[in-house]
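Down below is the structure, laid out as structure tokens.
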Amino acid sequence: MRTVFAALLAAPLLMVSSVALAQDDEPEWKRLQREAREKEQPGGDSLKQDEEAPKSQKQSQAADGEAQPKEEDEGEKKEEEEGGKKKKKKEDRDWRKGTIYEGRPAISPGSIINPYTTIGATGQLFLLKDRLFIHANPQADIHWTSQFSTGFAVPLNFQIYDASRPIDISDPEAGARKATDGIGSIRKEDWDEISDFAKVIRYIKYGQKMDKFYFFVGNLYAYTIGHGTIVRRYTSTADFDRKTVGVQLDLAIQKDEKDDYAGFELFLSDITFQNRILGGLVFAKPLVWADSEILRSFSVGLHSTFDFNAPSRLKMRFDGRPEVNPDRNALEFDGATVGAIGVDAVIKVVRESWVDIKPYVDYSMLLLPDSPSGNGSGFAGGILNRFKFGSDSPVRFSNRLEGRFFSAQYLPAYFNTYYEIQKYQFFSGAQTPQFAFQNGRQVLTNLPPTKLDYLRINTGGPFGGFYLDGNLEISDWFQIGAAFENSSGNEGGNFLAHLGLTPGRGLIQAFATYHKVNMGMRNPATNQSVESGFLDFKGTDDHVVLTALRVQILPIMWLRAHYSRTWLLETRSYTALDGSRQPTDDRFGFYRTVNSLGVGFEFAIQFTDERADEDDIKKSRRDDD
């Protein structure tokens, strides 16, 4: 089985490599000489000889009546040359797109920001599950230069209706309470942790993801390190009540406009250190001085990511349910350090103006504390392709095919989109809480394990798996993509689809993203299926939907709307006569996916610099998607 899997993985790599090396057999200098010989004139003087003619000979030709170029023509020619160099420089930069790291993810949850300097506020009616709010959000987007921009906001949700008011039978006035009680109060869950106060920073950004220096502070959307072996599309906003602000820092030491000597990439998930995920990658190109462009592209790297406060096991109540901190609406747990280290290698076997092909291999170890089966390890190898349909075509397509081979104590892309939920409960899905009568009370018997604990108890292996994605972009106004991964292990597969629209220079901005989690997954302890149907939303917690729309109606007015189905921790309870807190729902302490809907208007003054480079505006939009 291993031999067959390795052969299937290696075959396309060898085919692509052989084609690319065949294309690169003839050195550049030799090709130029050959072309010069082919262009020789009938009189025996080649173009090269004409170019090397002495200056006196050219001057005598001019004296014999041959017209000299006009200064205006020389100026126009110089401008054309400079414009061509600038265009070629930009094209090279676009197709350089990282050496061992990918940069901007092809498919992301998406976020809508204004590419222009804007100061204003948004007002919406906002429905979250069974509570209605007025959402007010004063904000500012300031683009100081084409490289440096900042965004700040103060999102506030004022409650106007609550159809889920908890019962408190110890309160004699409980029966007189109404759903309109607490009208005008600010939603407490939005501002009950230190990290909540950092979200006034929407972004502080310098440079673009592909530049030699890039710095970003803000929510992390679909963040990937390297080829995504350990960190792929990590999102710091998966939990509705916990949207942490993180940091990214990239630096590349360049040999010239095309090639880098070395570089690094770092990220921190939370600037307040309530969430303590730290990761990075360093790379070097040992053959950067080689004559062959293919050899110059060869890059090796080391990557490492650790969660220094990962939930090892949840703390439990007397009834077997998870313990919830009522002040922070957060699960209580015993923390541990879990992380991964690994090595990567990549080479760009084809690098043309219309196509870019990079095979790569990665090996990683997952370091698990207190694991009876020891640490885990995994291997991944694949091909990343990018196509541009013509030098002036606005259509681009990229795709990836990756094969995986890993042990039972390892999970590919351990820090993924769902990590901030799965680190507490690795799966929930269609699993129904089950209770048994023990010691005179009902006790929960099937609480999902933490992600770390799942790997400790996982059995079997080694497993094989794959990852596949594709993304189509038309200019900067249309993007559609999908990704799917699966394996022969117990963890099942995940599916993602994304659509983004930005026509009319930002007059309309829209995106929609769909996630399906735990496809084919089973609990290794109970052998119980935890998967729901593909689009079966009722009573399941393994679907995530994110959509948003922004339409300009007047120069200072935009219509804004969004719908999402995302995770929220179930914490509703009441005080019993004996003074204990009793859940009002069987899924107390479980993460559930809930619906939210917002509709309203944004009013803002928009400052447009007519001299601004449209490419910079487009890059700004893409980078923040």
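The values are calculated or read from the model by the stated rules, or taken from the named source; none is laboratory data. Computed from a prediction, not measured in an experiment: that's the story for all the values here. A quick note on method: Cβ atoms are made from the backbone with ideal geometry, for glycine too, and the neighbour counts reach across all protein chains shown. The area values use the complete protein model at the heavy-atom level, side chains included, leaving out ligands, DNA and RNA. Shrake-Rupley method; radii C 1.70, N 1.55, O 1.52, S 1.80 Å.
I need a count of the residues in region 299-318 that are open to solvent by 60 Å² or more (accessible area, probe 1.4 Å) and of a type in the set (F, W, Y).
Of region 299-318, the ones open to solvent by 60 Å² or more (accessible area, probe 1.4 Å) are 302, 308, 313, 315-316, 318.
The next check asks that each one be of a type in the set (F, W, Y); those that pass are 308, 318.
Residues in region 299-318 being open to solvent by 60 Å² or more (accessible area, probe 1.4 Å) and of a type in the set (F, W, Y): 2 in total.
Can you tell me which residue is surrounded by the most Cβ atoms within 10 Å (Cβ to Cβ) among those in region 319-334 that are in contact with a Ser or Thr (Cβ under 8 Å, 6 or more places away or on another chain) and under 18 Å from R242 (Cα atoms)? Don't jump to the end; show me each part of the working.
Step one: filter region 319-334 for residues in contact with a Ser or Thr (Cβ under 8 Å, 6 or more places away or on another chain), giving 320, 324, 326, 329, 333-334.
Checking the rest, the ones that are also under 18 Å from R242 (Cα atoms) come to 324, 326, 329, 333.
Details: V324: 23, P326: 10, N329: 18, F333: 18.
Among those residues, the one meeting the criterion is V324.
Output the qualifying pairs, or none if there are none: Cβ atoms under 7 angstrom, residues six or more apart or on different chains, first residue in region 385-411 and crowded, with 18+ Cβ neighbours inside 10 Å, second residue part of a loop (DSSP other than H, G, I, E, B) and among the aromatic types (F, W, Y).
K388/W354
Give, as residue ranges, the strands (runs of 3 or more DSSP E) completely inside region 491-609 that count at least 2 residues that are touching a Phe, Trp or Tyr at 6+ places or on another chain (Cβ under 6 Å), open to solvent by less than 40 Å² (accessible area, probe 1.4 Å) and at pLDDT 75 or above. Walk me through it before giving the result.
Working: elements: 493-501, 508-519, 543-554, 557-569, 573-575, 581-583, 591-607.
In region 491-609, 493-501, 508-519, 543-554, 557-569, 591-607 are the strands (runs of 3 or more DSSP E) which contain 2 or more residues that are touching a Phe, Trp or Tyr at 6+ places or on another chain (Cβ under 6 Å), open to solvent by less than 40 Å² (accessible area, probe 1.4 Å) and at pLDDT 75 or above.
Any residue in region 316-338 that's in contact (Cβ under 8 Å) with a residue 60 or more places away in the chain and closer than 14 Å to D192 by Cα: show its pairings with residues that are open to solvent by 70 Å² or more (accessible area, probe 1.4 Å) and assigned to a strand (DSSP E or B) at Cβ separation under 6 Å, as long as the two are six or more apart or on different chains.
none
Pairs, please: C-beta under 7 Å, at least 6 apart or cross-chain, first residue modelled with pLDDT under 95 and in region 340-366, second aromatic (F, W, Y) and in a strand (DSSP E or B)?
What qualifies is W354/F387; V355/F387.
Is it the case, given these coordinates, that S269 is at pLDDT 95 or above and open to solvent by less than 20 Å² (accessible area, probe 1.4 Å)?
Values: at pLDDT 95 or above: yes; open to solvent by less than 20 Å² (accessible area, probe 1.4 Å): yes.
Yes, satisfied.
Filter region 155-185 down to the residues that are modelled with pLDDT of 95 or more and either among the charged types (D, E, K, R) or open to solvent by 50 Å² or more (accessible area, probe 1.4 Å) (or both) and list them by number.
F158 - this is the single residue of region 155-185 that is modelled with pLDDT of 95 or more and either among the charged types (D, E, K, R) or open to solvent by 50 Å² or more (accessible area, probe 1.4 Å) (or both).
Being closer than 16 Å to E402 by Cβ and either hydroxyl-bearing (S, T, Y) or touching a residue at least 40 places away in the same chain (Cβ under 8 Å) (or both): is that true of G465 here?
On the way: closer than 16 Å to E402 by Cβ: yes; either hydroxyl-bearing (S, T, Y) or touching a residue at least 40 places away in the same chain (Cβ under 8 Å) (or both): yes.
In short, yes.
Can T145 be described as open to solvent by less than 40 Å² (accessible area, probe 1.4 Å) and either at pLDDT 65 or above or in a loop (DSSP other than H, G, I, E, B) (or both)? Don't jump to the end; show me each part of the working.
Details: open to solvent by less than 40 Å² (accessible area, probe 1.4 Å): no; either at pLDDT 65 or above or in a loop (DSSP other than H, G, I, E, B) (or both): yes.
Considered against the rule, which asks whether it is open to solvent by less than 40 Å² (accessible area, probe 1.4 Å) and either at pLDDT 65 or above or in a loop (DSSP other than H, G, I, E, B) (or both), T145 comes out as no.
Within region 213-225, track down each residue that is touching a strand residue (DSSP E or B) at 6+ places or on another chain (Cβ under 8 Å) and at pLDDT below 90. Working first, answer last.
If we filter region 213-225 for residues that are touching a strand residue (DSSP E or B) at 6+ places or on another chain (Cβ under 8 Å), which is where we start, we get 213-220, 222-225.
Residue satisfying the conditions is A222 alone.
Looking at region 450-484 only, could you name the residues that are out of contact with any Lys or Arg (no Cβ under 7 Å at 6 or more places or on another chain), more than 27 Å from L507 (Cα to Cα) and not in a strand (DSSP E or B)?
The answer is L452, Y454, L455, R456, I457, N458, T459, G460, G461, P462.
Restricting to region 211-244, count the residues that are at positive phi and not in a loop (DSSP other than H, G, I, E, B).
Our first condition is that a residue be at positive phi; within region 211-244, this holds for 218, 222, 226, 228, 233.
This time we only want the ones that are not in a loop (DSSP other than H, G, I, E, B), so: 218.
Of the residues in that region, 1 qualify.
When you scan region 194-209, do you find a residue that is at pLDDT 90 or above, farther than 18 Å from T566 by Cβ, touching a Leu at 6+ places or on another chain (Cβ under 9 Å) and of a type outside the set (F, W, Y), even just one?
The first filter runs over region 194-209 and keeps only residues at pLDDT 90 or above, leaving 194-207.
Checking which are farther than 18 Å from T566 by Cβ leaves us with 194, 197-198, 200-207.
If we keep only those that are touching a Leu at 6+ places or on another chain (Cβ under 9 Å) too, we end up with none.
Checking region 194-209: not a single residue is at pLDDT 90 or above, farther than 18 Å from T566 by Cβ, touching a Leu at 6+ places or on another chain (Cβ under 9 Å) and of a type outside the set (F, W, Y).
Of all residues in region 370-382, count the ones that are among the hydrophobic types (A, V, I, L, M, F, W, C) and open to solvent by 20 Å² or more (accessible area, probe 1.4 Å). Give the derivation first.
As a first pass, look at region 370-382 and keep what is among the hydrophobic types (A, V, I, L, M, F, W, C): 379-380.
Then keep just the ones that are open to solvent by 20 Å² or more (accessible area, probe 1.4 Å); that gives 379.
Here the count works out to 1.
For residues that are closer than 26 Å to L569 by Cα and out of contact with any strand residue (DSSP E or B) (no Cβ under 6 Å at 6 or more places or on another chain), tally how many sit in region 226-237.
The qualifying residues number 4.
Among the residues of region 446-466, is there at least one that is touching a helix residue (DSSP H, G or I) at 6+ places or on another chain (Cβ under 6 Å) and not hydrophobic (A, V, I, L, M, F, W, C)? Step through it out loud before you land on a result.
First, the residues of region 446-466 that are touching a helix residue (DSSP H, G or I) at 6+ places or on another chain (Cβ under 6 Å): 451, 464.
Restricting the remaining residues to those that are not hydrophobic (A, V, I, L, M, F, W, C) gives 451, 464.
Yes; the residues of region 446-466 include at least one that is touching a helix residue (DSSP H, G or I) at 6+ places or on another chain (Cβ under 6 Å) and not hydrophobic (A, V, I, L, M, F, W, C).
Results for (1) closer than 30 Å to D162 by Cβ; (2) touching a His at 6+ places or on another chain (Cβ under 9 Å); (3) buried (at least 19 other Cβ atoms within 10 Å of the Cβ), shown as yes or no for each residue.
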{"site": "F197", "(1), (2), (3)": "yes, no, no"}
{"site": "Y206", "(1), (2), (3)": "no, no, no"}
{"site": "F213", "(1), (2), (3)": "no, no, no"}
{"site": "G226", "(1), (2), (3)": "no, yes, yes"}
{"site": "V231", "(1), (2), (3)": "no, yes, yes"}
{"site": "S236", "(1), (2), (3)": "yes, no, yes"}
{"site": "D241", "(1), (2), (3)": "yes, no, no"}
{"site": "L249", "(1), (2), (3)": "no, no, no"}
{"site": "D256", "(1), (2), (3)": "no, no, no"}
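Whether any residue in region 245-256 is closer than 30 Å to N137 by Cβ, in a loop (DSSP other than H, G, I, E, B), modelled with pLDDT under 95 and not aliphatic (A, V, I, L, M) is what I want to check.
Taking every residue of region 245-256 in turn, none turns out to be closer than 30 Å to N137 by Cβ, in a loop (DSSP other than H, G, I, E, B), modelled with pLDDT under 95 and not aliphatic (A, V, I, L, M).
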